[in-house]
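The values are calculated or read from the model by the stated rules, or taken from the named source; none is laboratory data. Since this is a predicted model, take the numbers as computed values, not measurements. With ideal geometry, Cβ positions are generated from the backbone for all residues, glycine too; neighbour counts draw on all protein chains shown. To get the accessible areas, we keep the full protein, side chains included, count just its heavy atoms, and leave off ligands, DNA and RNA. Shrake-Rupley method; radii C 1.70, N 1.55, O 1.52, S 1.80 Å.
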Amino acid sequence: MEKSYRNLGYFFLLLIPLIFAGFSNTYIVQFPTFEKVKHTFIHVHAGIATTWVTLIIVQPFLIANKKLTWHRKLGKLSYLLFPLLMLSFIPSIINNLNSDAPRYAFFAIGDGCLLILFYCLAIKNRKKSSLHMRYMIAAAMVLLGPTVGRILPIFFGFSELATQNIQFAIIQSILIALIIFDIRNGKKYYPYLIAIAGWCVHQLVFYYLFLN
């Protein structure tokens, strides 16, 4: 692992409190009865997504501790886990499309498209560790969408539009900061440019659907 990214795993650990905060009111606090959860697929998606987040957090620690064999083994596990994660979005998408507000299917579809893009690029560049790592960072940042998107309205009362604007600003700011960081360290930063482009498209589609 590049020395400048040796603490990456600790940053990924921040996903845990963010996810807990984002899903505490709507899901976590309902344990163990989950009386308000209407569909079984929500539990399936939660289980797969939790496994995916755990994998993302563990992988950089394995690299930092030179456990490359285990890193590769778990990486191959993602070949099964990632398709299952994408499939777990489908019931939610169908449910939204059949509701009175079908445009809300955009969030699962949009985040899913970004995940597919960044994950596929990461796998394509799996033998180029610097590029592989950056695309996986971009994939991990997609998780900020559903977490920040829930935290801001629940805890701070932000409107839907304000929440999305803040969410986009946070993600784009992080990507720009990573580009500046890589430029200063003489590293290849173009995966982050692709990530910025992907999020720009995501943002434009959101505005088209929700501001018209």
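Summary table
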| read-out | value |
| --- | --- |
| Matching label, semi-axes √(5λ) of the Cα gyration tensor in Å computed from the structure shown, candidates [x] 28, 21, 16; [y] 31, 21, 13; [z] 33, 18, 16 | [x] |
| On Cα atoms only, tilt of 190-210 relative to the major axis of the chain in degrees | 10 degrees |
| Degrees between helix 129-141 axis and first principal axis of the chain (Cα, 0 to 90, nearest 10) | 20 degrees |
| Sites Ala101 and Ile154 - FRET efficiency at Förster radius 25 Å, r taken between beta-carbons, to 0.05 | 0.85 |
| Degrees between helix 40-64 axis and first principal axis of the chain (Cα, 0 to 90, nearest 10) | 20 degrees |
| Accessible solvent surface per residue of the chain, calculated while the other protein chains remain in place, 1.4 angstrom probe, Å² | 58 Å² |
| From phi via Karplus (6.51, -1.76, 1.60), per-residue ³J(HN,Hα) for region 172-181 in Hz, x at Gly/Pro | 5, 5, 4, 5, 5, 4, 5, 5, 4, 4 |
